[in-house]
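What follows is a single structure, written as structure tokens, with notes after it.
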């Protein structure tokens with residue numbers, strides 16, 4: 001447990017400044033992510049250095065196809081997420097339950113120096129903060145990222161894009177590449193499926209592009225939720241108009257998971273149709289994913 005960097009006091013409450021939820025947290029209570037707690041009027045990060053998953057991945061698995069292609073990334077996660085996606089495939093790592101909280105409490109605290117050493121020992125030119133939502137362990141990620149930059153390692157985030165402006169500003173000097181999930185082009189479905197809003201994600205996509213951080217986008221195509229020609233066209237047009245025709249767009253196939261097992265898997269034909277829509281809009285790099 002470490003003192004958090006991103007918060008403001010509001011009487012006995014604290015207002016978290018880490019993501020776009022801006023949780024107002026009463027004494028002894030937690031933020032929406034379950035990993036930030038108000039203790040005696042100070043906000044604490046409960047998952048600092050609590051590595052719940054780590055492995056060496058091909059960078060294409062992030063997915064990043066236009067950044068250090070053919071290399072491997074030392075990939076890690078601390079528990080927690082600021083989304084409540086009904087289709088989460090890593091819910092055992094991201095959605096805080098009593099069992100996961102107990103596991104977090106028992107995990108040793110890893111030092112940032114150990115992460116950098118592990119990347120070098122495994123011949124990984126980059127470190128990827130992934131699997132869960134790196135925003136929720138931003139203090140630890142930042143400490144790792146600063147050391148990584150000093151050691152000539154690249155830093156990668158795989159994110160839902162719901163960072164606060166303050167968090168985005170803090171990580172940008174050390175961030176080399178990011179893949180952001182643009183899950184829907186419908187605010188209604190962002191609220192219903194993820195417990196979040198669309199506009200903050202769109203604003204952050206533009207902000208990362210403006211900051212000249214390498215950006216790739218992933219959209220999981222879910223039958224009946226975001227697979228219509230109208231929504232896919234709107235997604236592609238936003239990328240083309242606001243982010244540029246050279247922004248890679250990865251299209252993933254949905255497979256029933258977590259609390260969204262009532263929907264069918266995405267047909268390959270749907271992925272091909274989405275790819276054709278993106279190319280017809282003018283996007284140069286549209287990649288079919290796990291089909």
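Annotations for the structure displayed:
- Residue 218 modelled with pLDDT of 95 or more, more than 15 Å from residue 183 (Cα to Cα) and touching a strand residue (DSSP E or B) at 6+ places or on another chain (Cβ under 7 Å): no
- Residues being farther than 19 Å from residue 48 by Cα and either within 13 Å of the chain's Cα centre (by Cα) or not assigned by TED's automatic domain parsing to the domain that holds residue 225 (or both) - total across segment 61-82: 2
- Qualifying residue in segment 74-84 (condition: surrounded by fewer than 21 Cβ atoms within 10 Å (Cβ to Cβ) and either in contact with a helix residue (DSSP H, G or I) (Cβ under 9 Å, 6 or more places away or on another chain) or over 26 Å from residue 259 (Cα atoms) (or both)): yes
- Those strands (runs of 3 or more DSSP E) of segment 122-206 that lie entirely within it include none in which at least 3 residues are touching a residue at least 40 places away in the same chain (Cβ under 8 Å) and not assigned by TED's automatic domain parsing to the domain that holds residue 243.
- Residues that are assigned to a loop (DSSP other than H, G, I, E, B) and in contact with a strand residue (DSSP E or B) (Cβ under 7 Å, 6 or more places away or on another chain) within segment 243-284 comprise 247, 248, 254, 265, 266, 283, listed in sequence order.
The values are calculated or read from the model by the stated rules, or taken from the named source; none is laboratory data. None of these values were measured; they are calculated from a predicted model. No Cβ is skipped: glycine too gets one built from the backbone with ideal geometry, and neighbour counts run over all protein chains shown.
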